[in-house]
Structure formats: C-alpha cells, structure tokens
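What follows is a single structure, written as structure tokens, with notes after it.
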Amino acid sequence: MRVLVTGSSGLIGSAAVRHWDALDCQVLGVDNDMRSTFFGPQGSTRWNLECLESETKNFRSENIDIRDRETLLNLFAKYVPDIVIHCAAQPSHDKAAEIPFLDFEVNATGTMNLLEATRQHAPEAVFCHMSTNKVYGDAPNELPLKELDSRWEYADAADWNGIAEDCRIDQTMHSLFGASKTAADVIAQEYGRYFGLKTGIFRGGCLTGASHSGVELHGFLSYLVHVAVQGKPYTIFGYKGKQVRDQIECSDVVKAFEAFANNPRPGEVYNIGGGRGNAASVLECIQKIEDIGGYKIDWTLGEENRKGDHICYISDLSKLRRDFPEWDIQVSLDSILAQMIEAEEQK
C-alpha cells in the first residue's frame, strides 16, 4: 500500500508516517519545512524529519511546496497513492493576519491542488483532510456558559458532550486562518459529494503530542510545557485563563484516519479532539504540569483575548464513535503531559 502524507515532518503528519511505516506500507512525505518560514527557527520541523529518517524503514520525503500545482500533479502521476493524509497547513490563528495571502494559498489553494491531483491520478484513493474547529469561528461562544473557579463550563446539560458537526460555519468571526481552513474544509467535502472522491474531513480540537514544535502563536500545550521546563515566562490571552480546550494525542488522530480509510464515507465531516475526558482550561493545564513535572510556571494574564477565539470548546465525538466504533481516545491528558515533559527535558 502507498501512503502519501503532507506536512509529514509536523505533529500529525509524522505520527501518520510512523503508523503506516510500522504497517510496512510505502510512505512518501511531502514537507518543505514552511513552519520555519511562519514561526522562525523555533518552529522548524527539520529535527523531526531527521528522527523519521532514522526510525523508519519505508519512508522517504520530498521537499515540495503544496502551492506548486504542476510538481504535485507530476508527483501523483508517478507515485499514485492509495491513501492521502493531508496535514500540511499554515496553522496559526494569529499569524494568518500578518500573512493573509500566504495563509490562504497554503491552506485553501494547496488543499485544492492536492484534491485535484488525487482526482486526476488516484481517484480510488482515500483522502483524509486535517481540518480544524476554527471553521466554526466564534459560534461556539454563543452557547450559555457558567464560570467556575478554574474554568468556563457549559451551562446547559444538553451541551455536556460539546460541539457537534451541525454547529454553523458562517456568519461568525473565524480569524483569517479559520476562514482559509473553512474554504479547504468545504472544498474537500465537495470533492467527496460532487466527484465521489473518498474524502474525510476531520475538524481537530487541540492536537498535541511530544513531537509538536509548539510556539507562542500555535501549539498551546506544547509551548506551555516548553516554557515550564525551560523556565520562561508565559502569557495567557484573556478569558481569565479559564478557556477550555480538549487535547488529543496525535496517535489517536491517526487511528481515526485509519478507521476512515478502512470504511470511507465520501465527503463526511467529523469533529475530533480529546472530548470531555481530555478537556481542561489553561489554568488547569498549568496546575497539571506542576503536579506531574514539578515545574512552576511564571505566567501573567493578558486582558485581551484572541479575536474569534473559543471560550469553552469540547469536541463532541459522538458521530465519530458511532460511525467507527472500533475507535476511541486511548491517551489521557495526564499521559500526554507526562510524555511531553519527558521529551522537553531531553532536549
């Protein structure tokens, strides 16, 4: 089996590479380390590529920009994948406002290029698209909330499981990143519904893991662990630090891709995050890092929240669990943090 992974040196992409390499598949990565362009040297994933090259048996990487349509078309014509795992993106909510053209070209046009390459040269392939919960913009903030000592919480018991896929995606503030990812999300759906491509769209919550190159503008939990271990200051952006996120370890995301690949549902959309079990506020994560690793974080609270940011976001996993009952969350938030602290200590 041939698997093509974009963003193969990144968090989810590298987990996909390791997963399918371990299954003795041929794995081709597409990654040009554009994270270093977005975020500078600290955001580079070059180190992860070197790890992959030393750990894997059937993996090779191509330094290709997904905006380069002709090169992608030629690559697909030669390689003809059975599965496409599309993780490459400009991933920052905040950075997008500084680089609006680049953000849209990578997230929307790059996705279009990959979908069309798949349609032309690998129409039977399964295409898993890594989307984001930012396609909902700030619509989740309209749910009634209550303020607790350390977090915001849904006030209505009917919302306990979190945000489902029927949350609206228009007439809401997304950030430019959320808008470009919404364009990609909808076009991936359309290639499934209109052309019949085996596309699956996965709207991620907080995706994380020890191989994440977190920076201040992206990769909240990874960056929080980094500043804790390295003794750096940390700024919380608004909402009293009580904003809630559901953390999912990258291997659990990849197993959802595998479940979809085994039983594809063209054009279907799934929310994927840590769910209720792995949900915690920023303040609660800070406390967990102190409890697990013994690190005291020097944090300050900024008064201004990020535009379009979620106050309380928990992914409702009901649809994913219903369609793929063999899948579920395997890695707890405490285990995620323990792994990340250990990895950061070894740097």
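Each of A155 and A77 was given a label point 7 Å from its Cα along the Cα-to-Cβ line. The distance between the two points is 6.0 nm. As a rough footprinting exposure proxy, the listed residues S318, S9, S211 were ranked by other beta carbons within 10 Å of their own, and the order from fewest upward is S318, S211, S9. Compared with the alpha-carbon gap, the fully stretched path from K347 to N262 is longer by 26.9 nm at 0.36 nm per residue. Taking the C-alpha atoms only, the angle from helix 176-193 to the longest principal axis of the chain is near 40 degrees. Of the peptides 267-280, 116-129, 42-55, the ranking by mean beta-carbon count within 10 Å, highest at the top, reads 267-280, 116-129, 42-55.
Of the peptides 281-288, 104-111, the ranking by mean beta-carbon count within 10 Å, highest at the top, reads 104-111, 281-288. Here the dipole of the chain is about 400 debye; that uses its Cα centre as origin and unit charges on the Cβ of Lys and Arg (positive) and Asp and Glu (negative). Computed from Cα atoms, the angle from the helix 46-55 axis to the main principal axis of the chain rounds to 60 degrees.
Kirkwood analysis of the Cα pair distances in the range 38-176 returns a hydrodynamic radius of 18.3 Å. In terms of other Cβ atoms within 10 Å, K255, K242 run from fewest to most in the order K255, K242.
Annotation: lysines with alpha-carbon distance below 16 angstrom to K255 (same-chain offsets under eight excluded): K319.
Between S335 and R321, full extension at 0.36 nm per residue minus the direct alpha carbon distance yields a gain of 2.9 nm. For the chain, the Kirkwood hydrodynamic radius comes to 20.1 Å, computed from all pairs of different C-alpha atoms.
Seen against the Cα atoms of the chain and their longest principal axis, helix 250-262 is set at about 40 degrees.
The DSSP beta bridges internal to the chain are antiparallel in roughly 15% of cases.
No lab work stands behind these numbers, since they all come straight from the coordinates. None of the values given here were measured: they were computed from a predicted structure. So basically every Cβ, Gly included, is an ideal-geometry build from the backbone, and we count neighbours across all protein chains shown.
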